[in-house]
Amino acid sequence: MPVVVVGSQPTDVDLNSVTLEAADLLLMRAATSDTATLLRDVPGLSFYGAGGVSSLPSIRGLADDRLRIKVDGMDLIAACPNHMNPALSYIDPTRVDRITVYAGITPVSVGGDSIGGTILVESAAPEFAKSGQSSMTKGEFGTFYRSNGNAMGANLSATLAGENLSVSYAGSTAQSDNYTAGDNFKTTTATGRIGHTLPLDEVGSTAYKSINHALGFALRNDKHVFDLKLAHQNIPNENFPNQRMDMTDNTSNLVNLGYTGEYQWGTLKARIYHEKTEHEMDFGDDKRFWYGSNSGAGAPCSPIRFHGDPLGTCAAGMPMYTEGKTTGASVNAEVPLSARDTLRVGTEFQAYRLDDWWAASGGGMGPGTFWNINNGERDRYAVFGEWEAKIHPQWTSLVGVRHETVRMDTGDVMGYCTSGMCMGNQLVDSANFNNQDHDITDRNWDLTALARYEPAATQTYELGVAQKSRSPNLYERYTWSTWTMAAVMNNFVGDGNGYVGNLDLKPEVARTLSFAANWHDAGKKSWGVRVAPYYTHVKDYIDATCNNTSCPDDQFNVLKYVNQSARLLGVDLSGHFLAARSAAYGDFTVSGIVNYTRGENRDTGDNLYNIMPLNAKLMLTQKRGRLTNTLEGRFVAAKNDVSDIRNEIETAGYSLFSLRSSYEWKQVRLDLGIDNLFDTGYALPLGGAYVGQGTTMSITGVHWGIAVPGPGRSFYAGVNVQF
């Protein structure tokens with residue numbers, strides 16, 4: 001699937017970007033329920049493994065909160081100590097109509113509070129009846145099935161519109177059991193639950209179920225459009241093979257109101273939104289639930305008894321609750337000053353509130369409530385200005401400056417135990433935290449300069465420099481407990497370790513230099529090659545250090561967030577060419593991507609965590625009329641450059657092959673495919689440590705050294721019908 005390089009953007013900025021249009025995204029709908037993986041064919045993109053609908057995209061080695069991810073103009077934030085509900089999990093792949101990716105060098109109009117790049121995801125724009133047409137109705141129904149994990153789902157959308165009013169609905173559901181790997185990747189079938197075992201090739205804690213509903217209204221008056229989106233999501237369960245907890249419920253409701261107006265002087269856009277998430281975690285079906293001396297090896301026990309009880313202890317799981325609220329607003333204007341110059345200015349505001357508490361459940365977890373984050377606050381105030389100029393028929397420039405004020409605060413905390421002999425240093429840790437000032441304000445500057453040179457219709461060159469800043473998130477600054485059991489529950493990178501926050505963290509400041517050369521035919525269809533090297537230096541990069549006197553090798557440890565210096569460099573290579581054209585067999589196109597990233601901690605000499613090794617993808621696509629067939633090969637080198645401080649697990653190199661086929665009638669589309677054609681067993685380089693089964697509450701209760709494996713062979717089919 002060749003991606004479309006550069007295209008019209010919501011702000012009309014297309015420098016240093018890659019856009020996936022609706023037609024490109026259709027190819028992956030039946031193969032995935034994870035919106036992030038729709039980006040799998042974008043140069044420089046990789047993914048941190050997580051739950052079945054919650055992968056975290058990584059751009060050139062920088063992931064998660066280091067990226068700015070906007071969904072229909074909203075900046076959404078993961079409300080979970082394990083980041084189980086990242087921004088892209090809030091929109092189903094069947095709703096996505098367009099994705100734009102800015103890697104590294106990002107225009108200030110779409111950047112902010114990020115250092116790795118920006119991902120803009122959009123659902124379909126409102127549709128109206130044509131002039132003179134009384135009404136317009138349309139809809140779509142689709143369903144899919146994937147054999148590995150017995151995954152299945154369906155989606156439905158419908159639109160009813162007049163010339164000035166449009167009403168739409170989109171709903172979807174997706175679910176899966178645990179998937180199986182291509183080989184026996186582990187040595188035990190035990191789950192910590194009496195009578196429940198898993199085969200040696202079954203990847204525990206990979207089941208999920210997701211339900212989404214979205215209702216849209218749009219009102220058009222001449223050159224002014226108001227759009228209102230209401231969305232509700234419920235994920236009743238999503239398990240995580242690289243986290244010690246599972247998501248046992250996640251409910252989100254959001255309201256998103258936007259305005260776009262065309263004036264004589266230019267375009268004005270405004271948006272206000274509010275999103276609330278109620279999130280619950282506990283131990284899922286494949287992890288031990290009952291703890292305490294009265295539970296023996298994991299048998300149910302009663303009644304619940306707490307630490308210090310002379311009759312023993314009994315604990316029923318470890319319920320953890322999070323409530324997050326995000327309110328945002330933005331106003332920006334695009335003003336064509338002349339045929340040569342365009343000015344963009346804007347302001348943004350975001351208020352985020354987070355409560356994270358763990359209810360008493362028995363044993364050492366009680367008798368009170370553990371407050372991990374109490375009334376956390378993170379507010380952003382931003383203003384930017386950007387000037388784009390066609391300074392010469394062959395030269396386009398873009399310069400911009402952005403300032404953000406990020407204010408963070410949180411209330412006092414407490415552990416399960418507030419007096420007497422408390423486990424895990426809870427009294428001392430909470431007192432130390434509460435005696436410090438929590439109100440912190442960062443003032444961050446972003447600067448971007450980009451230039452494009454087009455000496456001929458077959459050549460394009462881009463050069464960019466930028467400074468980007470990101471303030472720490474609430475969990476990096478405010479998680480306070482050094483208690484091993486509590487620390488391992490605060491981990492959003494999936495490495496099995498525990499993490500402790502740091503009130504002294506400074507914002508990350510990344511300075512990036514990038515270059516891109518693009519050679520292609522005049523029509524950009526027959527052939528094209530793009531080479532994009534880059535270099536990034538990050539001041540005050542948030543890495544980790546040992547929280548104790550030592551962190552032994554070959555085991556999970558407790559770490560603490562610290563500022564250090566980091567360097568990332570690499571190159572993305574992509575291309576395509578029309579290999580053959582035949583009246584009988586159609587067009588044959590060869591396309592490919594090669595990505596290389598190297599990340600190093602400049603203070604310690606250690607490797608940065610979760611850096612994708614050298615990898616490549618090669619595809620042969622046949623297109624004949626309404627039929628499209630693709631043979632795809634993915635090749636990944638061994639990951640030997642691993643983070644020593646995190647005891648990151650090395651992974652072997654592998655090759656995977658897939659077949660995809662689609663056929664389109666006037667109103668029906670059929671997709672068929674086979675992923676991992678030869679049922680190859682392999683470990684995901686960015687999948688993290690396998691803690692998907694067993695006694696996961698204990699840091700040593702699960703075996704160290706097993707990386708999360710990728711799925712084995714899977715047959716899939718999908719049908720979409722338009723009406």
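Of note:
- Solitary cysteines of the chain, where the nearest other Cys Cβ is not under 4.7 Å: Cys80
- Cut-off 15 Å between beta-carbons: net charge of the residues surrounding Leu569, Lys and Arg +1, Asp and Glu -1: +2
- For region 356-503, the per residue solvent-accessible surface stands at 35 Å², with DNA, RNA and ligands left out and a 1.4 Å probe.
- Carbon plus sulfur fraction of accessible area for region 349-406, probe 1.4 Å, in percent: 64
- For region 363-461, the share of alpha carbon pairs falling in successive 10 Å distance bins from zero is 13, 24, 17, 14, 12, 11, 8, 1 percent.
- As computed over region 415-470, the Cα convex hull volume per residue (Å³): 155
- Amide H contacts of Ala124: Asp97, each under 5 Å away and 5 or more positions distant or on a separate chain (H built 1.01 Å from N in the peptide plane; Pro and chain starts excluded).
- Seen from Ser172, the other residues with C-beta closer than 10 Å to its C-beta sum to a net charge of 0, counting Lys and Arg as +1 and Asp and Glu as -1.
- A straight line joining the Cα centroids of region 234-262 and region 20-54 runs 17 Å.
- Note on region 27-141: Cα-only Rg and Dmax are 15.8, 54 Å.
- Counting only protein heavy atoms and using a 1.4 Å probe, the accessible area of Thr206 comes to about 10 Å².
- For Lys287, the lysines whose Cα falls under 21 Å of its own Cα, not counting residues fewer than eight places away in the same chain, are Lys186, Lys209.
- When only Cα pairs below 8 angstrom with a gap of at least 6 residues are kept, region 390-433 shows a relative contact order of 27 percent.
- Here region 219-258 exposes an accessible surface that is 60 percent carbon and sulfur, computed with a 1.4 Å probe and the other protein chains kept in place.
- Reachable lysines, given that their alpha-carbon falls under 17 Å from the alpha-carbon of Lys560 and they are not under 8 places away in the same chain: Lys506
- Per-selection metrics, region 577-694 (Cα): Rg and Dmax in Å: 19.4, 61
- Accessible area per residue was computed with a 1.4 Å probe on protein heavy atoms; Tyr291 scores about 20 Å².
- Isotropic mean projected area of the C-alpha convex hull, region 450-567 (nm²): 10.4
- Proximal charge balance of Gly104 [Cβ under 12 Å; K/R count +1, D/E count -1]: +2
- Semi-axis lengths (Å, descending) of the ellipsoid that matches the C-alpha gyration tensor of region 532-631: 46, 16, 9
- Checked against a 23 Å cut-off, the cross-linked pairs Lys138/Lys229; Lys70/Lys138; Lys138/Lys666 give Cα-Cα distances beyond that limit for Lys70/Lys138.
- Look at where the Cα atoms of region 446-460 and of region 274-295 average out, and the two centres are 51 Å apart.
- Ratio of Rg to Rh for region 108-196: 1.23 [Cα atoms; Kirkwood radius as inverse mean 1/r over pairs].
- Projected-area mean, region 176-316, by convex hull of Cα positions, square nanometres: 14.1
- Value of [θ]222 nm, deg cm²/dmol, for the chain, DSSP H segments ≥ 4, -39500 (n - 2.57) each, nearest 500: -500 deg cm²/dmol
- Sorting the segments 178-184, 451-457 by their residues' average number of neighbouring beta-carbon atoms within 10 angstrom, most packed first, yields 178-184, 451-457.
- Region 136-254 gives an Rg/Rh value of 1.18, both radii derived from C-alpha positions and Rh following Kirkwood.
- Average accessible surface area per residue within region 37-172, 1.4 Å rolling probe, Å²: 27
- Most to least packed among 464-477, 597-610 [average Cβ atoms within 10 Å]: 464-477, 597-610
- Listed by chain and number, the lysines whose alpha-carbon sits under 19 Å from that of Lys617, ignoring those within fewer than 8 places in the same chain, are Lys639.
- Here Met612 sits with roughly 40 square angstrom of accessible surface, probe radius 1.4 Å.
- Rounded Å value of the spacing that divides the Cα centres of region 180-204 and region 334-411: 42
- Looking at region 26-77, the pairs of alpha carbons with a distance over 19 Å make up 27% of the total.
- As a size descriptor, the averaged projected area of the C-alpha convex hull of the chain was calculated at 30.5 nm².
The values are calculated or read from the model by the stated rules, or taken from the named source; none is laboratory data. Since this is a predicted model, take the numbers as computed values, not measurements. Glycine also receives a Cβ, built like all others from the backbone with ideal geometry; neighbour counts cover every protein chain displayed. Note: accessible area is taken over every heavy atom of the protein model, side chains too, but ligands, DNA and RNA are not part of it. Shrake-Rupley method; radii C 1.70, N 1.55, O 1.52, S 1.80 Å.
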